[in-house]
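A short worksheet on the structure shown next.
Quick note: the coordinates plus some simple rules give every number you see, no bench work behind them. Keep in mind that this is a model prediction, so the values were computed, not measured. Note that we place each Cβ from the backbone using ideal geometry, even for glycine, and neighbour counts take in every protein chain shown.
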Amino acid sequence: MTPLKRLKYLSRQTRPMTRAEIDEIVATARQCNAERAITGALVATGNVFFQILEGPADAVDLVFAKIRADVRHADVICLAEQLECEGRLFPLWRMERVALEGTPASAAIEEKLRELARSDGAARYDLTRELSRMIAAEAAQSRAA
């Protein structure tokens, strides 16, 4: 069995994007990720992307390299890389946009994203873990609904 890698990153959108544009990014990612055994979640709010990618290490690294080169992203920061993860946070999601609009957790997640964008060092690590848990909880609620 191939070891599972999880990567979390934050980036700034180089220009304001519409929901339709972000949905198109997600649709393309779903198709490509299915071919590479990658799962994950994307949060796009304000001018920030926060994404969690999980799958075979070489596939995750390839996708992240493409993201770094994508002109829609600027100031790409790898927040965390975990190797040999025991399980997936998003086993059923080839890629999903975690829509924050109208959810009870939306304000809290958006605030954590703002804090994360301003943080560094140990605070960044703690905020990344907390934000990941919040997004995974939203994903679980979406699956249950």
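Starting from the Kirkwood radius over alpha-carbon pairs of the stretch 4-144, derive D by Stokes-Einstein at 25 °C in a medium of 0.890 mPa s and give it in µm² s⁻¹.
Working: Rh = 15.1 Å.
Diffusion coefficient, whole number: 163 µm²/s.
Report summary: the helix-based calculation at 222 nm, which adds -39500 (n - 2.57) for every DSSP H run with n ≥ 4 and divides by the residues of the chain, gives -15500 deg cm²/dmol.
Which loop GluC sites (Glu not before Pro) in the stretch 37-145, with loop taken from DSSP, have no more than 13 other Cβ atoms within 10 angstrom of their Cβ?
Of the GluC sites (Glu not before Pro), the ones in loops of the stretch 37-145 whose Cβ has at most 13 other Cβ atoms within 10 Å are Glu86, Glu101.
Under the combined filter of DSSP loop state and at most 16 neighbouring Cβ atoms within 10 Å, the stretch 38-72 retains these trypsin sites (Lys or Arg not before Pro): Arg72.
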